[in-house]
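First the structure, in the form of structure tokens, and then the observations on it.
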Amino acid sequence: MANQYPGPPPEQPPGQSGQNPYAAPDTGAPAGDGYGFPQGGRPGEPGYGYPQAASQQPPAPGFPPAAPPQPAPGGFQGGAQPGGMMLSLGDIAVSGDTVMTPAGPMPLKGAVWTATDMSRTEERMPTHAVVLAIVFFLFCLLGLLFLLMKERVTTGFVQVTVNSGGRHHSTMIPVQSREQVMFVLNQVNYARSLSV
């Protein structure tokens, strides 16, 4: 490490083997037009990273040409979906005029949506209320007021079912609060309005 220099290495004599990356080009001409830039090196040459026009190349050897898509059983074939996904309920997605499910695509027009609330809400005394009641009972009798604290706990699922195009799919969406139950039911109502 004693022979290190702060600048680029010195020029090598022409008879020595090896190429100095810091030396001027052997031809004495400056670098090409496209050197170091994303544009092509010559006029009309496409730039790096820009979309290119699709060229018609034959398929790779050993692979058959792509077959046109076959219609789904039930007579409905989902096409290109403009605008992206509008709604998602568990593993059911609504995009464009199609309902996408693991059972296959279904037409949105005329779909029948069903939502069943299978959740339950319990009201119970939280553990921290009992602890506070015991601690403050020793100091004053007002600690018994902590026993009036209640909490509501919601557990369960909302079952969402869709029927359309001769197909049927059902999914269970877990919920932990009444607000989540109402959100899922509102989403199903929105899907119903799209199906009309």
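Values in this text are rule-based calculations from the coordinates and carry no lab data. Source: prediction; values computed, not measured. Because the Cβ atoms are built from the backbone with ideal geometry, glycine has one as well, and the counts that use them run over all protein chains shown.
Here are a few things to note about the model shown:
- Within the range 98-196, all pairs of alpha-carbon atoms sorted by distance into 5 Å bins from zero give the percentages 3, 12, 16, 14, 11, 9, 7, 6, 6, 5, 5, 4, 2, 1.
- Met118 paired with Asn163, simple spin-label distance in nm, labels 7 Å along Cα-to-beta-carbon: 1.8
- When you count the other C-beta atoms within 10 angstrom of each residue and take the mean per peptide, 175-181, 125-131 line up highest first as 175-181, 125-131.
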